[in-house]
Structure formats: C-alpha cells, structure tokens
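The values are calculated or read from the model by the stated rules, or taken from the named source; none is laboratory data. Since the structure is predicted, the reported quantities are computational estimates derived from the model, not experimental observations. Here the Cβ positions follow ideal geometry from the backbone for every residue, glycine too, while neighbour counts run over all protein chains shown. The protein model used for the area step is the full one, side chains on, heavy atoms only, and it has no ligands, DNA or RNA in it. Shrake-Rupley method; radii C 1.70, N 1.55, O 1.52, S 1.80 Å.
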Amino acid sequence: MMEWWFLVPMLALAFGVMALAPLGVQVLSRGVVFIDLALAQAAAAAALWVSVLLHDSNAVTTQIFAALGALLCAGLVAGMAKRWPAQREALIGLVYVAGASLSLLGARIDAHGREKMAELLAADMLWASWPQVASLAACAVVLGLVLLLAQSSLKKDMIFYPLFAVIASMAVPILGLFVVFASLISPALWVHRGLLLSLAIAVTIVAAGLGLSASWYFDAPSGACVALALATFGAGSALRQQARAKN
C-alpha cells in the first residue's frame with residue numbers, strides 16, 4: 001500500500017501539468033514545437049554548467065542560472081522566429097542541438113556530470129520535496145492568473161516567451177526534460193482534437209499518476225515511466241482523430 005509520501009511527487013506532477021499544458025497549447029498554435037525542447041535543454045545545460053563552474057553551488061543558484069539560460073534561449077528563439085519565420089523550426093532545432101551538446105561537454109568535465117545529466121533528462125520524482133511542489137504550484141498560480149486576467153496576453157511574444165522560459169526552467173530540475181516536454185505536448189494535442197483544456201489537464205494528470213504508480217510498483221525509474229505514460233496518452237489523440245474520420 002502506498003504511503004502518504006506518494007502525495008508529494010503526485011502533487012509535483014499535477015502542478016507541473018497545470019503550469020505547462022496551457023503553454024503547450026500556445027506552442028502548437030504557433031507552430032514552434034521544438035521551442036519547448038530548446039528552452040528545456042537550455043535550462044538543463046545552464047544548470048549543469050553551474051555545478052561545473054561553481055563547485056559549491058546550491059539549489060537557488062542553480063535555479064537562477066537555469067532561468068537565465070532559458071531566458072537567453074527564449075530571446076534567441078523569438079528573434080529567429082520573427083526574422084526567419086519560414087526556417088524557424090529548423091533553426092530552433094539547431095538551438096536544441098547546441099544546448100544538448102553543451103550539456104554533454106559539461107557532463108564530461110563534472111565528476112558527477114553523467115548522473116546530473118541523467119537526472120535533468122528524467123528526474124526521479126518519487127523523491128520530490130515540498131519546496132519543489134511549492135515552486136511548481138507558484139508557476140501554476142501565476143499562469144492561471146495570466147489566463148484569468150488576460151488570456152489573449154499569452155499570444156504576445158513579449159509575454160509568452162519569457163513566461164515560458166521561466167516556467168520551463170523551474171520545471172526541468174524537478175520533473176526532467178522528458179516529462180516537461182510530454183506535459184506540454186500531450187494535453188495540447190488533445191485540446192487540438194477538440195477536448196476542453198481543463199479536461200485535457202485532468203486526464204493528463206491521471207495518466208501521469210498511472211506512470212508514477214507503475215514506477216513505484218515495479219521499482220523502475222519514475223521519470224521514464226511518467227514520460228512513457230504521457231507519450232502514450234498524447235499519441236492516443238491521433239487515434240481519436242482517426243476514429244472520428246471513419247465515422
């Protein structure tokens with residue numbers, strides 16, 4: 001039987017999905033799918049290099065530099081999307097490759113770089129802490145207020161890109177890049193197929209919970225299990241569209 005501590009990673013996942021899903025809808029509507037990977041990878045690379053350059057870095061320092069890395073990437077992506085709209089996806093893909101390459105170089109230098117890089121890709125959410133839950137909850141509240149007060153503001157580049165960068169940089173060290181990407185895209189795909197955003201978020205949280213439960217039951221890596229569950233759920237949106245087309 002699961003103990004009360006299971007509530008902590010479950011809440012982290014729930015708040016993470018609530019903060020990321022509306023941004024994922026914007027990503028799909030803008031046609032810049034690679035942006036979430038690029039920003040998340042930039043945040044991961046910055047977090048990894050902090051430990052290389054500052055051996056006594058703490059969680060706050062790491063988070064600040066992760067946010068700065070993501071904001072720098074967001075500014076670069078926004079500029080490229082505006083200047084070269086026809087090639088924006090290809091250019092954003094190259095930004096992602098550059099970020100991944102920087103992460104590999106940093107992991108090679110750091111004595112524990114391999115373990116840190118694996119954690120940034122697929123974090124072990126079973127050991128999430130209450131402060132991490134609080135930071136993701138704050139992200140969800142801020143985004144909820146933006147949607148409540150002026151939903152159209154997310155369509156503005158000067159608000160969308162910085163907000164996306166900060167939230168992604170907060171989520172990556174806690175959830176891992178794979179889960180962050182899946183939390184952005186999976187519910188957005190269902191919204192694109194006609195599901196209400198609130199319902200898509202709720203079902204995504206259930207899917208994430210199933211992945212987390214499977215990782216606990218089978219003693220498997222939680223990040224990989226949750227990402228696999230969310231990817232499967234997101235892929236189901238294509239089957240729904242196919243079934244609709246047949247009818």
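If you wrap the range 154-210 in the convex hull of its Cα atoms and look at it from every side, the mean projected area works out to 4.4 nm². Taking all protein chains together and a 1.4 Å probe, the residues Ile35, Ile64 rank Ile64, Ile35 from largest to smallest accessible area.
Could you work out the mean projected area of the convex hull around the alpha carbons of the range 114-247, in square nanometres to one decimal?
9.7
Placing a pseudo-label 7 Å from each Cα along the Cα-to-Cβ vector at Trp216 and Arg83 gives an inter-label distance of 4.9 nm.
The Rg/Rh ratio for the range 1-67, using Cα coordinates for both the radius of gyration and the Kirkwood hydrodynamic radius, is 1.11. The mean accessible area for residues of the chain, using a 1.4 Å probe and ignoring ligands and nucleic acids, is 50 Å² per residue. Accessible area per residue was computed with a 1.4 Å probe on protein heavy atoms; Trp216 scores about 80 Å².
For the chain, the dipole from Cβ point charges (+1 on Lys and Arg, -1 on Asp and Glu) about the Cα centre works out to 1040 debye, to the nearest 20.
Counting Cα-Cα pairs of the range 95-145 in 5 Å increments starting at 0 gives whole-percent bin shares of 5, 17, 16, 16, 15, 19, 10, 3, 0.
Across the chain, Cα-Cα pairs more than 26 Å apart make up 37 percent of the total. Calculated [222 nm] ellipticity per residue, helices only, for the chain: -28000 deg cm²/dmol; basis is -39500 (n - 2.57) per DSSP H run with n ≥ 4, divided by all residues, nearest 500.
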